[in-house]
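Notes follow once the structure below has been shown.
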Amino acid sequence: MSGSVLLDTNIVIGLFAKDQAVLARLSESARVFIPSIVVGELYFGAYKSTQPKGNVHRIEELVAASAVLVCDATTAEYYGRIKKALRDKGRPLPENDIWIAALAQQHGLIVVSRDQHFKEIEGLPVEAW
């Protein structure tokens, strides 16, 4: 059984698409969390899609049935440390992904993503489903 995980946007999209690999791994996970940042990215995608009403409805159902983690002052401290370390290495990441990583570190979670750049963050456990 996997540990407690924090899902990146591309994994939630896989869930929406009924990706069998994502569904199988989710069923093996102890606890699953979604960052509020990912919810925002999903809403952005829904509103720019050709079917915003249906996509927004799907997001609302997901949020109602999920544990959504939000950022606070402690998250901001993790964010600052991560961003500084990445800057020192010359390896910038998208801002939203730094916030996702900060939430994961704050709560001791594994980031699940198909984006390889999360591996640039030292001490951040990452799985690709």
Linear extension gain, ALA128 paired with ASN96, 0.36 nm per residue minus alpha-carbon span: 9.7 nm
Segment 31-129: trypsin sites (Lys or Arg not before Pro) falling in loop per DSSP and having at most 11 other Cβ within 10 Å: LYS48
Nonlocal Lys pairs with alpha-carbon distance under 21 Å, the chain (8 or more apart, or different chains): 4
Please report the antiparallel percentage of the DSSP beta bridges confined to the chain, to the nearest 5. 0
So what is the relative contact order for the chain, in percent, with contacts set as C-alpha pairs under 8 Å and at least six apart? 30
Point-to-point label distance, ARG31-ARG58, nm (Cα→Cβ direction, 7 Å offset): 2.8
Expected output is a single nm value to one decimal: the length gained when fully extending between LEU23 and SER49, i.e. 0.36 nm times separation in residues minus the C-alpha distance. What is it? 7.0 nm
What 222 nm value per residue comes from the helices of the chain, counting each DSSP H run with n ≥ 4 as -39,500 (n - 2.57) and dividing by all residues, nearest 500 deg cm²/dmol? -17500 deg cm²/dmol
Please express the shape of the chain as an equivalent ellipsoid: the semi-axes are the square roots of 5 times the eigenvalues of the C-alpha gyration tensor, given largest first in whole angstrom. 24, 17, 14
Past the 15 angstrom mark, what percentage of all C-alpha to C-alpha distances in segment 30-69 do you count? 38
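No value in this document is a laboratory result; all are computed from the given coordinates. Since we're looking at a predicted model, the values are computed, not measured. Heads up, the Cβs are rebuilt from the backbone with ideal geometry, glycines too, and the neighbour counts pull from every protein chain shown.
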